[in-house]
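One structure below.
The values are calculated or read from the model by the stated rules, or taken from the named source; none is laboratory data. On a predicted model such as this, the values are computed, not experimentally measured, just so you know. Here Cβ is always computed from backbone atoms with ideal geometry, including for glycine, and neighbour counts include all displayed protein chains. Quick note on the areas: whole protein, heavy atoms, side chains included, nothing else; ligands and nucleic acids left out. Shrake-Rupley method; radii C 1.70, N 1.55, O 1.52, S 1.80 Å.
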Amino acid sequence: SPSRSTGGGARCDWITMRTPSPVEKKEVGLPPLIVVVGPTAVGKTALAVRLAEVIGGEIVSADSRQVYRGLDIGTAKASPEEQARARHHLVDIVDPDETLGLAQLQGLAYAAIDDILARGRVPFLVGGSGQHVMAVVEGWRVPRVPPDEELRRRLYRQAEKEGAQALHARLRTLAHPQGPDCHAPKIVRVVRALEVCLLTGEPISRQQTRKPPPYRILIISLTLDRPALYRRIDERVEGMMAAGLEDEVRALVAASYGFELPAMSGVGYGQFAPYLAGDATLDEVVAQIKRATRRFVRQQGNWFRRDDDRIQWFDAAGEPYPAALRLVRTFVR
């Protein structure tokens with residue numbers, strides 16, 4: 001990974017470069033899709049907006065929670081000014097009490113990408129939700145099994161009574177031992193995998209085949225050393241509080257959106273539940289959000305790994321934009 005530095009010891013951007021594979025060479029005739037990923041608070045949105053603005057691109061959000069209306073500050077949605085500079089898709093498309101599964105989001109993302117390409121623009125898929133990004137990039141064939149609310153309630157009651165590990169163990173008995181569903185880190189994903197298994201009679205891993213989408217894909221990831229990233233996370237959470245995150249959460253609760261909803265249980269929202277119930281202080285809420293964000297960042301690392309040779313890495317501690325722009329321009333041409 002060649003690096004450059006300027007006089008006086010200033011740190012500059014760097015990028016991992018490699019020779020295109022035979023598969024990539026065959027994909028030259030396909031339309032382009034540029035993917036910008038990386039951990040929370042690393043600067044994905046700012047970089048993607050700058051790139052899209054210059055080369056005539058539009059952004060397709062791959063964030064699992066920016067789809068919800070009213071969840072603005074806590075999900076770090078692009079500002080109105082940023083959305084004016086580069087059109088955004090899949091933002092504010094459902095209410096917080098609506099369900100939008102992975103298969104639906106994947107389909108909406110493909111439709112948005114194809115629409116952007118049809119208008120002669122360049123699509124940018126941007127987000128830190130690894131599952132949603134890879135479902136699009138790798139062409140997962142996600143089981144389209146509608147939710148069974150009664151079955152879900154029974155599974156959640158089992159988890160409350162016997163612990164999450166009981167559901168993990170049950171899933172292992174139903175799923176292929178090497179299937180990705182066996183390692184689902186969140187209880188909501190374990191419940192969904194069990195739901196699919198029980199309703200179809202087949203493990204979800206057997207149903208999740210892959211067919212690469214018809215795009216020529218460039219994946220850019222921003223990276224930052226952990227201490228610096230944690231400082232950015234702390235600063236961002238403090239900024240969210242100053243911007244009115246508490247008022248945003250109170251307004252959502254007043255609109256009858258409870259913390260039991262998936263939209264309201266995520267990082268930046270669920271931590272307010274004990275505070276609004278009078279069981280925690282606001283300082284404790286802020287500390288919990290910071291810790292939960294750090295845990296989420298560690299999970300993101302499982303999706304975007306440094307040994308993935310599909311990804312071009314840029315150091316966010318420098319100025320990644322100039323080198324990223326050169327790469328994107330060459331790729332698009």
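Give the distance, in whole Å, between the Cα centre of segment 209-238 and the Cα centre of segment 131-165. What the calculation gives is 24 Å, centre to centre. You can think of it this way: the chain between Ala46 and Asn302 has 89.8 nm of extra reach, that is 0.36 nm per residue less the Cα-Cα gap. The apolar share of the surface of segment 205-283, taken as the fraction of accessible area on carbon and sulfur atoms (1.4 Å probe, ligands and nucleic acids excluded), comes to 52 percent. Placing unit charges on the Cβ atoms only, positive for Lys and Arg and negative for Asp and Glu, gives segment 219-299 a dipole magnitude near 480 debye about its Cα centre.
Residues whose amide H comes within less than 5 Å of that of Ile220, counting only those at least five positions distant or on another chain, are Val35, Val36, Val37, Gln312 (H built at 1.01 Å from N in the peptide plane).
One chain, two ends: Gln83 and Glu150. Fully extended at 0.36 nm per residue, the span grows by 20.2 nm beyond their Cα-Cα distance.
Label-to-label distance, Glu202 versus Ala292, with points set 7 angstrom from Cα along the beta-carbon direction: 3.6 nm. Surface exposure of the chain, expressed per residue as accessible area with a 1.4 Å probe, stands at 50 Å². Extension gain, Thr99-Ala254: 0.36 nm per intervening residue step, less the Cα-Cα distance, totals 53.8 nm. Using just its DSSP H runs of length 4 or more, each adding -39500 (n - 2.57), the chain gives a mean residue ellipticity at 222 nm of -14000 deg cm²/dmol after division by all residues. Charged neighbours of Val122, selected by a Cβ distance under 12 Å, balance to +4 (K, R count +1; D, E count -1).
Each of Gly139, Phe296, Ala41 was placed along the dipole of the chain (beta-carbon charges, centred on the mean Cα), and the one lying farthest toward the positive end is Gly139. Net charge near Glu138: determine it from the other residues with C-beta under 12 Å of the C-beta of Glu138, scoring Lys and Arg +1 and Asp and Glu -1. In short, +3.
Charges were assigned to the Cβ only: +1 to each Lys and Arg, -1 to each Asp and Glu. The resulting dipole of the chain about its Cα centre is roughly 1320 debye. Positive end of the dipole of segment 70-126 (Cβ unit charges, origin at the Cα centre): among Gly74, Val94, Val122, the Cα lying farthest that way belongs to Val122. Legend: calculated FRET efficiency, Glu284 to Arg333, from the Cβ-Cβ distance at R0 = 41 Å, rounded to 0.05, equals 0.20.
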